[in-house]
Amino acid sequence: MASGPQLGSAAPDFTLPGGVLSGESFERADYRLSSARGRSVVLAFYPGDNTSVCTKQLCSYSSGMEAFEGLDADVWGISPQGVDSHESFARAFDLRMPLLADEGRETARAYGVSAPGIGVRRAVFLIGPDGILRWKHVALLGATFQSLTTLTDRLSGIKEA
């Protein structure tokens, strides 16, 4: 397994198709990491739409969007499913963050979280406004996820640094 980017190094840039719920519409766009400079970005890699742990994780982050906003942070969910799957997932659970489609798993490989059999390991990467990787957590088994509190505490540290 690739180790992915190291803390203190530049986060690998990528452009992925995705979309975000905005009121009643699902707005599709391409998301490029380097275009988010100036704000922190939480990259939440997850194995699949509509699975129990992924649903709990993304609902938790979605319900905490105000906390992320208060820290000048964007949250992007990334999984191997396509944008159509992401749209139905977002609509089913009223998810308020962009969901990006890494169908070829190139981005997962760049971050060292592509895994044979399961596809993508559950992982979170916190990227500072300068594009530098500040914190990461890669789960060996995907049954747990990093809590909203843990992430906002880590982001507070980035913002104050």
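Evaluate the distance, in nm, between pseudo-label points positioned 7 Å from the Cα of S3 and of D94 along their respective Cα→Cβ axes.
Computed distance between label sites S3 and D94 equals 4.4 nm.
Report, in debye and to the nearest 20, how large the dipole of the chain comes out about its Cα centre when Lys and Arg carry +1 and Asp and Glu carry -1 on their Cβ. The partial results should precede the final answer.
On the way: 15 positive and 18 negative charges, 108 e Å.
Rounded to the nearest 20 debye, it is 520 debye.
What number comes out for the charge environment of L140, summing +1 per Lys or Arg and -1 per Asp or Glu over other residues with Cβ under 14 Å away?
+3
Under a 1.4 angstrom probe, counting protein chains only, how are E69, E87 ranked by accessible area, largest first?
E69, E87
Can you work out the accessible area per residue across the chain, with the rest of the protein chains kept in place, probe 1.4 Å, in square angstrom?
45 Å²
The values are calculated or read from the model by the stated rules, or taken from the named source; none is laboratory data. Everything numeric in this text was worked out from a predicted model, so none of it was measured. Glycine gets a Cβ as well: all are built from the backbone with ideal geometry, and neighbour counts include every protein chain shown. In case anyone asks, the SASA skips ligands and DNA or RNA and just uses the protein heavy atoms, side chains included. Shrake-Rupley method; radii C 1.70, N 1.55, O 1.52, S 1.80 Å.
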